[in-house]
Amino acid sequence: MSVPTVPLNSKLVLENGKEFLIGGHQKVDIPLIGLGTWKSGPDTVSKAVETHLTQTGSTHLDCAWGYGNEADVGRGIKASGKDRSEVFITSKLWGTWHKKVEAALDDTLAQLGTDYLDLYLIHWPIAMNSTDPKNGPLIPLLSSGVRDIDHDWDLRRTWTQMEALVASGKVRSIGISNFSEKNLKKILPLDVLRARYPGETFPDDIVETKIIPSINQLELHVYNPQHALVKRMSEFGVRAEAYSPLGSGDQSVLEDEVVVEIAKKHGLAPADVLIGYLIKKSIPTLPKSVTPSRIVSNVKGALDAREKLTDADVEALDKLAGEGGKQKRFIMPPWPVDLGFENWG
Ligand SMILES: NC(=O)c1ccc[n+]([C@@H]2O[C@H](COP(=O)([O-])OP(=O)(O)OC[C@H]3O[C@@H](n4cnc5c(N)ncnc54)[C@H](OP(=O)(O)O)[C@@H]3O)[C@@H](O)[C@H]2O)c1
């Protein structure tokens, strides 16, 4: 059984006929289920990657320089025996590297043992101060203990470096992660901003960007569906991708009575329902596991759920956070800036 894909790169054509690449110029499709690798230990992640690539029918890995395990992921890819062209690999630019994007990518490529990525994301819309991103601390801190942020850094300067990677062929598609609409506006091409925000003025002398991000990877699950943001992004051609679909180790979504009820009705596991709900909406979803049986069931069960979930089930799950009063975020690092998200904190 192979996992369905959705198109990643495309074009936005404005009403005045101007065209903008979304993601990049190549045709790229992304498999709807990928293996998450955050917090997967070095001793387990290689086997997890190998299991995902060889036993699930999916060949999509969600990695990040900041996870500190890309070399182990690379060993898993090698052990799988898969040809590079059969694997879809995402990685992310960590916050200490915003001023040296190509160097960050090169380090990631070397660790993963590949010469290109399918998708490269800005991990967070925040540049941290660092003189030595490779060997310095992952999260530089001020003496007060607060994260050391470059508050004046222009994200457009990060984004133009990401655009250059597409031109060089080292990355097939570029995107973002943890961007609210407020931060998405900080990197969109000027013509797109002017067309989509007719009531606002934008200075002519801002750094010019050309490509619209293909993906915004966000915390998305039944308790944090971010319906308004997902809809707004689609108006720019930016696709949502779901991280922490199972609640990131917190049992509450897996044990939610509505989720459990729907799972029982269809003979599924709660995790199948949670992943199936997202992929039924064509949202690429990234469950993490280092447990071989779960790695397999999280793909096979979710594909089963995608077929079995009814419109009424999806509607009930859509309403859990809002009308159901169960809104909850699990991933809220202590950034000393307002990220512009609803329901943060
Ligand atoms: N862009 C970002 O800032 C960002 C932030 C967070 C996450 N992510 C990405 O998204 C991925 C997934 O998010 P996440 O790791 O936060 O959490 P998650 O996938 O929602 O949950 C992972 C947890 O669920 C357990 N689990 C897996 N399958 C299960 C099943 N079938 N039944 C019950 N429990 C199950 C895992 O345990 P075992 O491993 O022990 O099986 C682990 O404890 C990450 O790994 C990462 O790749 C990105």
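Values quoted throughout were computed directly from the atomic coordinates according to the rules given, and no laboratory measurement underlies them. Here the structure is a predicted model, which is why all the values come from computation and not from measurement. Glycine gets a Cβ as well: all are built from the backbone with ideal geometry, and neighbour counts include every protein chain shown.
Brief remarks follow.
- Exposed-site-free run, longest, the chain (rule: GluC sites (Glu not before Pro); DSSP loop; at most 16 other C-beta within 10 Å): 16-199
- Given charges at Cβ of Lys, Arg, Asp, Glu: segment 210-345 dipole, positive-most of Leu254, Val273, Ser293: Ser293
- Under Stokes-Einstein, with the Kirkwood radius over Cα pairs as Rh, the value for segment 46-106 at 25 °C and 0.890 mPa s is 200 µm²/s.
- Extension gain, Val146 back to Thr44 (0.36 nm per residue minus Cα-Cα distance, nm): 33.5 nm
- Antiparallel DSSP beta bridges within the chain, as percent of all bridges there, nearest 5: 25 percent
- For segment 245-308, the C-alpha radius of gyration sits at 1.00 times the compact-globule guess of 2.2 N^0.38 Å, with N the residue count.
- Built from the Cα atoms of segment 168-237, the convex hull projects on average onto 5.8 nm², one quarter of its surface area.
- Hydrodynamic radius of segment 299-345 per Kirkwood, over alpha carbon pairs, in Å: 13.4 Å
- Cα-centred dipole magnitude for the chain, charges only on beta-carbon of K, R (+1) and D, E (-1), debye, nearest 20: 380 debye
- Comparing Val87, Val101, Tyr67 along the charge dipole axis of segment 49-102, the residue lying farthest to the positive side is Val101, per the Cβ-charge model.
- Seen from His227, the other residues with C-beta closer than 11 Å to its C-beta sum to a net charge of +2, counting Lys and Arg as +1 and Asp and Glu as -1.
- Counting every alpha-carbon pair across segment 137-296, the share separated by more than 20 Å comes to 62%.
- q = 0.12, 0.15 Å⁻¹, the chain: log10 I(q)/I(0) [Debye, one scatterer per Cα]: -0.86, -1.35
- Rounded to the nearest 20 debye, dipole of segment 1-89 from Cβ charges on Lys, Arg, Asp, Glu: 80 debye
- Segment 120-187 and segment 21-67: distance between their alpha carbon centers, rounded to Å: 21 Å
- Shape analysis of segment 210-345 yields a ratio of the Cα radius of gyration to the Kirkwood radius, Rg/Rh, of 0.96.
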